[in-house]
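Q: Just dropping this structure here.
The values are calculated or read from the model by the stated rules, or taken from the named source; none is laboratory data. Since we're looking at a predicted model, the values are computed, not measured. Here Cβ is always computed from backbone atoms with ideal geometry, including for glycine, and neighbour counts include all displayed protein chains. Surface accessibility is based on the protein's heavy atoms, side chains included, excluding ligands, DNA and RNA. Shrake-Rupley method; radii C 1.70, N 1.55, O 1.52, S 1.80 Å.
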Amino acid sequence: MAGVPRPCPAVFGVLLVLAVTVNGLSRSDLLDYGVQFGDQLLDSGTDVTQQITLDQLVFFFDENFDKVYVNTNGFLSVAEPPAESEYLGKMPAKFGIIAPFLGDLDTSDGIGKVYFRQDNSPDVLQKITEKITQAFPHEGEVEPTHALIVTWENVIAHGVPERGDDLNKKRSTFQLVLMSTELSTYAILLYPKDDLQYYSTLVEGERKPVEVGFSKGLTQGWFSWRSTQGPYYRVTTDNEDSVRELMLLTNSGRRGVWVYHIGSSTFQSVTPGQVTTVEYETPDYPPYEAETFSPETPSIEIFTSTTALPESEILSHVEAVPQNAAQPSYTQAGYPLSPRSQQPAQIQPNNPQVVIVEEEEEDLNVNVFSYYETCSTNRHKCSSFAECRDYTSGYCCHCKPGYYGNGKDCVADGKPQRINGKVKGRIFVGSSPTPVEFSNNDLHSYVVANDGRAYVAISTIPASVGPSLQPLSSIGGVIGWAFALEQPGYENGFSVAGGVFTRQTEVTFQPGGEKLTISQEFKGIDEHDHVVVSTHLEGSIPEVPEGATVQIDPYYEIYQYSSNLITSSSTRDYTVTLPDGSTQTLVYLWRQSVSFQSCPHAEGSRSIPPSQQLSVDQVFVMYDSVNQLIRYAMSNKIGSVNGTPQQNPCYTGRHGCDTNAVCRPGQGNQFTCECAAGFRGDGRTCHDIDECIETPQICGAHAVCNNQPGTFRCECIEGFQFASDGHTCVQVDHPINHCERGSHDCDIRERAQCSYTGGSSYICSCLPGFSGDGRSCQDIDECQTDRCNRDAVCYNTQGSFTCQCRPGFHGDGFTCTPESEREKTACEKHRESMLATSSGGYFFFRPRPAVGQYVPICDSYGEYEPTQCHSSAGQCWCVDRNGQEIPGTRTGPGSRPMCLEHSVFPTVFGPTTRPDANLVSPGTNLLFAQSGKIDHIPLDGTNMKKEEAKTVIHVPDQVVIAVAYDCVDKMVYWSDITQPSISRASMQGGQPAAIIIKDLGSPEGIAIDSLSRNLYWTDSILDRIEVSRLDGRHRRVLFDNDLINPRAIVADPANGRLYWADWNRDGPKIETSNMDGTDRIVLVKGDLELPNGLTFDHHSRQLCWADAGTRKVECIDPYTRLRRKIVDGVQYPFAIVSYGRNLYYTDWRRESVVAVDRVAEREVDQFLPQKRSRTYGITTSFPQCPEVNYCSSDNGGCSHLCLPRPGGFTCRCPTLNNGSCVERDQNF
């Protein structure tokens, strides 16, 4: 671009640089607040409410009130609100509510405050009047008499984990003003710029956007005792962007200021302010000398005008605020259609546009410098099947020939398309007062693009709502529009908007007046070449009886197109055939808007008809009650509003081409079939081309190629990433943590420790008990330093030592006392009595037992040996500390059970047996979760005794996810994601008890350290790993960084190691650390997708996992890093456990427990529960615990948490420490 010459001062004068700015709202622009202005303070906390008795009535909708209630959670109500669980995330509320920022908010930290006061001073009323007059410029004069001012200052989101101290938490400040006259009330909502620092809060463990709006609550009908939901005016949507825009847009002429008429004696509906344009001002800047721009300055467009531009034209180069932006359409029932009519302009305050004014005598010439992006640096933002083109004001992406879309998303002509997503929300059916909840129900769709046929299915639909959803085929109708068969000169939705757009729909049923809103967000094409969509349903629908069928006749729908916005409305008839054969024809009204972002730089080069007609026929709807599926199918064509449909088979869809082919029309009714790009064949039959095999170097160096139907995907190998062109893989230049990677030269981990020091540096140090430089470590012989008692023998071991009292002495080796000085133990007394009884009297010889007589064996301390044997019978069994046999442990001749050392565990206490409790069988059992219950399957060796399977715990109000077992107290532990909570119950009978119920998001994995008496769990919403005692006391956060979706977690208490899996779709991994949180490293990273299940086998030292993405079961030795595949082709494994030579995993799709022989590497058995549903966590219950560790005895001497690690343990304090806890390390 040619440089701009420096202007001559004598001719052009001085250049003035004026930056056009927008008069945004700051915190100082709020109405005065604080105790110094007479405000009262709401008590600190969360969900705190206080009543305000008003000096003057306020009007809300068509009623008036003399008192209101202010609440921490960002709202004012006209009735005392219930507990927050009754309204958070469940708008519209059942009570009258004015919500400027409704969410789970918190002021308990002492920094956040809620101020409120009533005010009728003239200066305050005058300020309020100015805001109302500016918002309603065409209405008459307003005469305010009373104001209520409520200010939420520096409030935080409750329960959301933050980094740093309280001063660094995200905080929000906003203000609500109710201004009343004698006959009406207005609400003013004020949001200072940069003072809304979060846009969502945790509601029932899930992040949900803050809500803004006005709800009348339940109303009483004139001729009915039944209450119905009153009007609800919603300002924001289910998208966080609409919350952020509260600071950026307006309906009153001032950004961040929103005015609404909310009530009067003759009230009809909530009325928003009418001024959606914003005030501008041109602040004074010091003059600059003109400069010459060199040809190397890219992406700068110079506009030169010989006459002064009108102000409106100048501003159009800077920013255009859409008319009626963020202003919902309001219906009589109060459900919004769309929060804004089109996409708002993006605001970039850090890069303002610049207006340069040249002064020449009396005339002014204006040059506007506009900075824009070009293809040279943005080509990678286009689809790989698109080309990038530069225009005068920016760049645009255009699909290549043979493909269609908006350039950012392109698909091959004629290629079928899959659409996947989730459905959430709630629907009231008929007169039922209880809504049907939708929580991540699966939506799957398949479109045959070359004939416009779309198939849609939504899963897990209960019978209470399934039949009534049949009329709503257009839940998936937007998919039919997006991929409709195009008539000549017309374009379907995907051709216009691509794969990223938002659809808002309002359905009104006649004659009952039920209303349903459908919000759908299409998020583009994912790595599997599928379009991703999220759907939210809210409202009520008429009831269709169970067993009834619905028929929908063909219909037409007119779509109106404008910049970034598409609207349509229609009336649909449908016929309901009741089970008795009678029929009734009903109707509903359908209004929808689709908003998207087009490329503004090439609008002149593309012409879309302002109106197009969608023709829909062959509509099929069905509710499958057996599989709980709602199914829709329809054929879709997009074309002229008035034209006659084309008869060529390519335009009717009746051509017989392969589903992976495009139909090419010829003369008259002639046509040809051509396989879509990425497929090969004659058009009647097409096969996928494997580009990765046919063109091995197609992805270039340092990349791998993954074939997909009709296309392929390139991915950079580890250590490389895509360059700015989106295609070339370049090496990632970042420091290497050799300690984590294992590429250091320290001695083995049993003798030395590698410590990362930043960059690519590290240091090696010998572990306690060893000496050396860290690269070579030798054992220290502690026995040379007289560490034991003088009456004990010292035994040196690698890195440690042991002391043992000499014969005739009793003690731990550090303290030894003569045997004669202590009282005989119960075992010794038992043994002497048996020997005395069997000998029959006194002899000079040592007593000997009679043949067939059992005599107990005592250890060197006089306690019962854990393993007792009957020499004559040839049998051995385990006993408890009192010498009582433990059921299920007796073995036959030639075999000995693995029994637990008694001295390491406390006495067992537990709840009393419940009369209806189902006790587990003796021996080893499988325990697995199935929704609201835990079942058990006895094991005979490794064989499942399926006929003896039964339910042992029934908790119907919970969704049990993870299951773990404590072999000491015979307790089963489980996590529930509905409350959420972690609970336990005795397998010997007893009531379930919740041990952790607070500060949980979604606990999806739990692990028990029976030896140290600790509980570990993962939380995939709070993204952290925690530990506590088994009763829930002394909670400590082990990790809260670099975690995205942690789920499975297992412990190896004997060796002090912890393992967990993170199924983060962008970077799945399996990690390990010591159980005290030290030495965290990534163990497995490559060839993972969804590592759901994890298990550790103590005998083979193998860590095994089940991956629902790669559909494999694999194992690895954590110490040698040797990895091997056990089986592949599994369907959807969730959890896995090891026992003997077998692995047992639960499978969501098979709804079963599957046994795999990991030695033979094949599936050997399967258990199908009597009631089929998804199976979740799985574990084993043992009759005895097999090992001990350093924390087993007396909690290691720790006051709170004893956390084992290799070669020792660490005493750790809870995260919330009252000062009574001391941390220390202990090595052996």
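Q: Rounded to whole Å and sorted largest first, list the principal axis extents of the Cα atoms in region 682-752.
A: Cα extents, longest axis first: 68, 30, 15 Å.
Q: Where a ≥ b ≥ c are the square roots of the eigenvalues of the C-alpha gyration tensor, would you call region 1042-1107 rounded, which needs a/c under 1.5, or, failing that, prolate if a/b is larger than b/c, or oblate?
A: Working: a/c = 2.17, a/b = 1.40, b/c = 1.55.
Cα axes put region 1042-1107 in the oblate bin.
Q: Ignoring ligands, DNA and RNA, what percent of the 1.4 Å accessible area of region 1008-1084 is carbon and sulfur?
A: Exposed carbon and sulfur together represent 39 percent of the surface.
Q: Between region 1129-1147 and region 516-575, what's the alpha-carbon centroid distance in Å?
A: So the separation of the two Cα centres works out to 40 Å.
Q: Next question, about the same structure. Could you work out how much longer the chain between Ser376 and Gln884 gets when fully extended? Use 0.36 nm per residue separation minus the Cα distance between them, nm to one decimal.
A: Gain in length upon complete extension: 174.8 nm.
Q: Taking amide H positions as placed in the peptide plane 1.01 Å from N, state which residues far from Thr825 in sequence (5 or more) or on other chains have amide H under 5 Å from it.
A: Distant-sequence amide H within range of Thr825: zero hits.
Q: Which FRET efficiency value, to the nearest 0.05, is calculated for Phe65 and Lys998 with the Förster distance at 30 angstrom and r the Cβ-Cβ distance?
A: Efficiency computed from Cβ-Cβ geometry: 0.25.
Q: Keeping all protein chains in place, calculate the accessible area per residue for region 414-539 (probe 1.4 angstrom), answer in Å².
A: Dividing the accessible area of region 414-539 by its residue count gives 29 Å².
Q: Taking the alpha carbon gyration tensor of region 1127-1215, what are the square roots of 5 times its eigenvalues, largest first, to the nearest whole Å?
A: Equivalent-ellipsoid dimensions as semi-axes: 37, 16, 12 Å.
Q: What part of the accessible area of region 582-671, given as a whole %, is carbon or sulfur when the probe is 1.4 angstrom?
A: After summing per-atom areas, the C and S share lands at 47 percent.
Q: In addition: For a test of the definition: using alpha carbon positions, the gyration tensor, and the 1.5 limit on a/c, classify region 966-1060 as rounded, prolate or oblate.
A: On the way: a/c = 1.98, a/b = 1.23, b/c = 1.61.
In terms of gyration-tensor shape, oblate.
Q: Which FRET efficiency value, to the nearest 0.05, is calculated for Ser464 and Gln560 with the Förster distance at 51 angstrom and r the Cβ-Cβ distance?
A: Efficiency for this residue pair is about 0.85.
Q: Grab the Cα-Cα distance for Glu750 and Arg775, subtract it from 0.36 nm times how many residues apart they are, and report the gain in nm with one decimal. It would help to have the intermediate numbers written out before the result.
A: On the way: separation 25, 0.36 × 25 = 9.00 nm, distance 1.22 nm.
Full extension from Glu750 to Arg775 adds 7.8 nm.
Q: Starting from one equal scatterer on each C-alpha and no solvent at all, send me the Debye-based log10 I(q)/I(0) for region 79-171 at q = 0.11, 0.15, 0.20 Å⁻¹, two decimals.
A: Ignoring solvent entirely, the Cα scatterers give -0.53, -0.85, -1.06.
Q: Sticking with this structure for a sec: Per the 1.4 Å probe, what fraction of the accessible area of region 486-549, in percent, lies on carbon and sulfur atoms?
A: Heavy-atom surface of region 486-549 belonging to carbon and sulfur, 1.4 Å probe: 48 percent.
Q: Moving on to the next point. In Å², what does the accessible area per residue of region 1110-1174 work out to with a 1.4 Å probe?
A: 47 Å²
Q: Further, regarding this structure: Quick one: Kirkwood hydrodynamic radius for region 1045-1178, alpha-carbon pairs, angstrom, one decimal? Intermediate results must be reported in sequence, preceding the final value.
A: On the way: mean 1/r = 0.0675 Å⁻¹.
Answer for region 1045-1178: a Kirkwood hydrodynamic radius of 14.8 Å.
Q: Find the Rg to Rh ratio for region 24-109, where Rh is the Kirkwood radius over alpha-carbon pairs and Rg uses the same atoms.
A: 0.98
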